[in-house]
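The values are calculated or read from the model by the stated rules, or taken from the named source; none is laboratory data. Owing to the predicted nature of the structure, the values given are computational and were not obtained by experimental measurement. Here the Cβ is made from the backbone with ideal geometry for all residues, glycine too, and neighbour counts use every protein chain on show. For the accessible areas, the whole protein counts, side chains as well, though only heavy atoms, and no ligand, DNA or RNA atoms are used. Shrake-Rupley method; radii C 1.70, N 1.55, O 1.52, S 1.80 Å.
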Amino acid sequence: MSQQLPVGMDNFEKIRQRNYYYIDKTSFIRILLQNCGEVNLFARPRRFGKTLNMSMLQAFFEAGKDQRHLFAGLEIMNEKDLCERYMNQYPVISLSLKDVEGKTFDEALMILASQVADECVRLSFLAQDMFVDEDYLRLFKLLKAQRATPQELAGSLKTLTRMLEAHYGHKVILLIDEYDVPLDKAFHKGYYDDMITFLRIFLGQALKTNSSLEFAVVTGCLRISRESIFTGVNNLFMNTITDKEYEEEFGFTDEEVRGMLDDYKLSSVYDDLREWYNGYRFGDTDIYCPWDIINHVAKLRNNPGIRPQSYWNNTSSNDMVKRFIDKADSTTRNEIEDLIAGKSVPKVIKETLTYGELDNSINNLWSVLFLTGYLTRTKNPMGLASEPIDLIIPNREVCEIFIEKIRDWFAEKLIDDEIQRELQRLCHAFLDGDCDVIEKILTNQLRTTISYFDNYEYYYHGFLIGLLLGCGSIWSIKSNRESGSGRSDLLIVTNDGSMGLVIEIKHARKQEDIHVLTQDALDQIKNRSYEDAFMGEGIQRLRSYGITFWKKTCEVKSRDIA
């Protein structure tokens, strides 16, 4: 397969014109027209193809262009009557709100004004239309020049729909992508009330009792409460990840991923990709995150041996996970441990929220994590809205996000004076070879904080690094460095160069294995000559440690290296 993969691309026209690899989602058009409401809201997690689908809708419907060549060979072209009636027959307004943010409400409003101005530039032909009302022409010029008042900006979508209807003699299709991003940013920056008041007018005028509107498609991550932003929009059709309609139209199905891997002769990595990127459940279908699949397959083409990594994590600050962990009490922390261990947690989900309600209770944050893709449900059937559903972490990648945020939380916890004194004792115990004290402190920390157990050895690896870094600046730490005939877990050198420590970590699946594994860790250090990493550094004393973790306990053994 020689086709390039559209890494980071969400423009349908560009992907098709340049012959990039494309997984056919044009069935979305057919299903939309069969079930169309006047206002259609689709709530899906970020990076699941919402923007690309909106770009596809624009290419299909927009009048003034003949875009049939873009759809050649795609499923929608089998619907001949539908294409004849709808393809390139309607004026379209397309607006993305994903970049509307700022430190203040005024800054965010300026960015929104620039987005509207860009759409006016795209529709510049309206300024020359003799059939358009002069008052609308005046407003259009102000919007295009970014000189409109906030009140005029709030009515801009309605203004543009009226002008387009006058120009084409057809009602208008309105596409609004990532409508809730301005609310999310405003919530975190402290101007939520101003933003929601503005958007209620901005969207309300365009979507409510607008005689120039054929229909609207709106996308976002959350299904925001009708009372908060869509007041009076009684013609609103909502579709979320719990609905069966459109369950395969956002994200990649297992069949589609297998097909892509077959096309690029990469079928051998299927199991890895399934572990890392599958597990989201839309309706009754298991879904992969397309952002991850496209990025990783693109990397595999140039480096066939590369291991899966986190791509979704790098596209957001993941503030919601941090907010959740910060708010967690001891019960919730135990539930987080269960999730990381691969277990499910039953919770009642509230699908309709306002951002102002997110911090009202931990239950609201559970709901948001589910609706935004950080948690998903098991394959058990959905019950009534008031019944709990079994939530799980969808895949390895999202598990990594939770672990990273737990580490951040743990690092903040280490600032406490009492814990600092405990860490100083830990530091001196490692230098003195006092295994009993090391065991006691490590076990105490495992029992009083969120630990990540019963899964992978590197969870404990990260836990120990966090503690040792918290000891202060008395030493430098190297992790997973090649030494001797292998790769040691931790190499530590005191800043005065007088002492070196080699630490090998094991994770026991069964309690009875602890003693054997700890001895194996010490023997591994000796047999693989990990101490060779210190050669030539003039270190006077070398000591090795074998540490085996089992759930929230550990065993530590030490041996001096000759």
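Worth a mention:
- The Cα atoms of segment 116-247 cover 47, 36, 24 Å along the three principal axes, with the biggest extent listed first.
- Counting only cysteine Cβ atoms and a cutoff under 4.7 Å, the chain contains unmatched residues 36, 83, 120, 221, 289, 399, 435, 554.
- Residue separation of residue 193 and residue 444 scaled by 0.36 nm, minus their Cα-Cα distance, works out to 85.9 nm of gained length.
- Other residues lying with their Cβ under 11 Å from the Cβ of residue 67 contribute a combined charge of 0, Lys and Arg counting +1, Asp and Glu -1.
- Surrounding net charge for residue 558, when Lys and Arg each add one and Asp and Glu each subtract one, Cβ distance under 9 Å: +1
- The C-alpha atoms of the chain define a longest principal axis, and helix 435-448 lies at about 20 degrees to it.
- The calculated FRET efficiency for residue 85 paired with residue 326, based on their beta-carbon distance and R0 = 56 Å, is about 0.60.
- DSSP beta bridges confined to the chain are antiparallel in about 50 percent of cases.
- Crossing angle, helix 330-340 versus the chain [Cα axis fit, 0-90 degrees, rounded to tens]: 80 degrees
- Using the alpha carbons alone, the radius of gyration of segment 16-133 stands to its Kirkwood radius in an Rg to Rh ratio of 1.01.
- Applying the Karplus relation 6.51 cos²θ - 1.76 cosθ + 1.60 with θ = phi - 60° to segment 193-201 yields 3J(HN,Hα) values of 4, 5, 5, 5, 5, 5, 5, 4, 7 Hz, where x marks Gly and Pro.
- Burial ranking of peptide ranges 421-427, 247-253 (average Cβ count within 10 Å, highest at the top): 247-253, 421-427
- Kirkwood Rh in Å, taken over all unlike Cα pairs in segment 197-349: 19.1 Å
- Cβ-derived FRET efficiency at R0 45 Å, residue 378 paired with residue 541, nearest 0.05: 0.30
- Divide the volume of the convex hull around the Cα atoms of segment 1-79 by the residue count and you get 109 Å³ per residue.
- Relative compactness, segment 228-311, computed as alpha-carbon Rg over 2.2 N^0.38 Å: 1.39
- Peptide ranges 33-40, 541-548, 461-468, 436-443 listed from the most packed, as the mean C-beta count within 10 angstrom indicates: 541-548, 461-468, 436-443, 33-40
- Of all lysines in the structure, the ones whose alpha carbon falls short of 18 Å from that of residue 208, not counting any fewer than 8 places away in one chain, are 158, 171.
- A straight Cα-to-Cα reach below 30 Å connects residue 299 with the lysines 14, 25, 50, 98, 265, 322, 405, 478, residues fewer than 8 places away in its own chain not being considered.
- Accessible surface, the chain, averaged per residue in Å² (probe 1.4 Å): 43 Å²
- Here the Karplus curve 6.51 cos²θ - 1.76 cosθ + 1.60, taken at θ = phi - 60°, turns the phi angles of segment 113-130 into couplings of 4, 5, 5, 5, 4, 4, 5, 5, 4, 4, 9, 4, 4, 5, 5, 9, 7, 6 Hz, with x standing for Gly and Pro.
- Mean Cβ neighbour count within 10 Å, used as a protection proxy, ranking 259-270, 151-162 highest first: 151-162, 259-270
- Neighbours of residue 431, meaning other residues whose beta-carbon lies under 14 angstrom from its beta-carbon, give a summed charge of -1 when Lys and Arg score +1 and Asp and Glu score -1.
- Here the gap between residue 270 and residue 99, fully extended at 0.36 nm per residue and compared with their Cα-Cα distance, gives a gain of 58.1 nm.
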